[in-house]
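What follows is a single structure, written as structure tokens, with notes after it.
The values are calculated or read from the model by the stated rules, or taken from the named source; none is laboratory data. What you are looking at is a predicted structure, and each value in this text was computed from that prediction instead of being measured. Neighbour counts are summed over all protein chains in view; Cβ atoms, including those assigned to glycine, are modelled from backbone coordinates with ideal geometry. These accessible areas exclude ligands, DNA and RNA; they are computed on the full protein's heavy atoms, side chains included. Shrake-Rupley method; radii C 1.70, N 1.55, O 1.52, S 1.80 Å.
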Amino acid sequence: MSSRPTAAPVPTDLIEIERVLTRIAYLAGRARQHERLMAESGVSLDRAAATVLLHIAEGDPLRPGVLAARLSVEASHVTRQLRQLERTGHVTRVPDPDDRRAQRVRLTEAGLDAVHRIQEVRRRGMEMALSAWSPGELRQLALFLHRLLDDFVAHAESPVDGRPSTGLSREGEK
């Protein structure tokens, strides 16, 4: 007979939150949804390349390694996507002003146009889905989602099973 300690019961609300988040992630990430998004925006990128493109658009030009850390993927994955985005004219590499040996990736005009078209289609979909919500409810949802994201990021960076964390901040930099 095992004498393992009994785990504390999981609160019903946590089970429901996990279930709903899993369902939302599934619906948002399924291939049919991506195909519709690309068709409506007039952009032709696979899901991974579109994700990388949208993350590049969030700020200043990034080093590929920083981008990989932000996406929590291997650098080789980002490198493949960047090659595709360079071939399609959506991104270009520029010298890193802080390190001449390194490069950063920035959007081209075509990349910026693609991002705007994708974001517009996504916003229209969000507006339709949340059209019955009041401005106060939308504000509250946005606050809770930001808090949830911050907590997920903090948890993802904490040591697991005694393994050290990567030491990376949210921006993927030390």
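Quick notes on this structure:
- Across every direction, the projection of the convex hull enclosing the Cα atoms of the stretch 1-75 has a mean area of 9.3 nm².
- Relative to the longest principal axis of the Cα atoms of the chain, helix 135-156 runs at roughly 90 degrees.
- Each Cα pair of the stretch 29-156 feeds into the Kirkwood radius, which the Stokes-Einstein equation turns, at 37 °C and 0.692 mPa s, into a diffusion coefficient of 202 µm²/s.
- Kirkwood Rh, Cα atoms: Rg over Rh of the stretch 61-124: 1.01
- The chain: most fluctuating residue of SER134, SER72, SER41 per GNM, C-alpha cutoff 10 Å: SER134
- Charge tally around SER76: other residues with Cβ under 15 Å, Lys/Arg +1 each, Asp/Glu -1 each, net +2.
- Build a GNM of the chain with springs between Cα atoms under 10 Å apart, and of HIS155, HIS34, HIS55 the one that fluctuates most is HIS155.
- Subtracting the Cα-Cα distance of ARG87 and GLN140 from their residue separation scaled by 0.36 nm leaves 15.0 nm.
- Charge tally in the Cβ shell below 14 Å around GLY125, where Lys, Arg are +1 and Asp, Glu are -1, GLY125 excluded: +3
- Over the residues of the chain, the helix contribution to mean residue ellipticity at 222 nm works out to -19500 deg cm²/dmol, using -39500 (n - 2.57) for each DSSP H run of at least 4.
- For the residues GLU58, GLU120, GLU35, a GNM of the chain with alpha-carbon springs under 10 Å puts the largest fluctuation on GLU58.
- When the solvent-accessible area of the chain is split by element, carbon and sulfur atoms take up 55 percent of it, the probe being 1.4 Å.
- Accessible area per residue for the stretch 1-54, computed on protein heavy atoms with a 1.4 Å probe, is 78 Å².
- Å² per residue, accessible surface of the stretch 72-155 at 1.4 Å: 74 Å²
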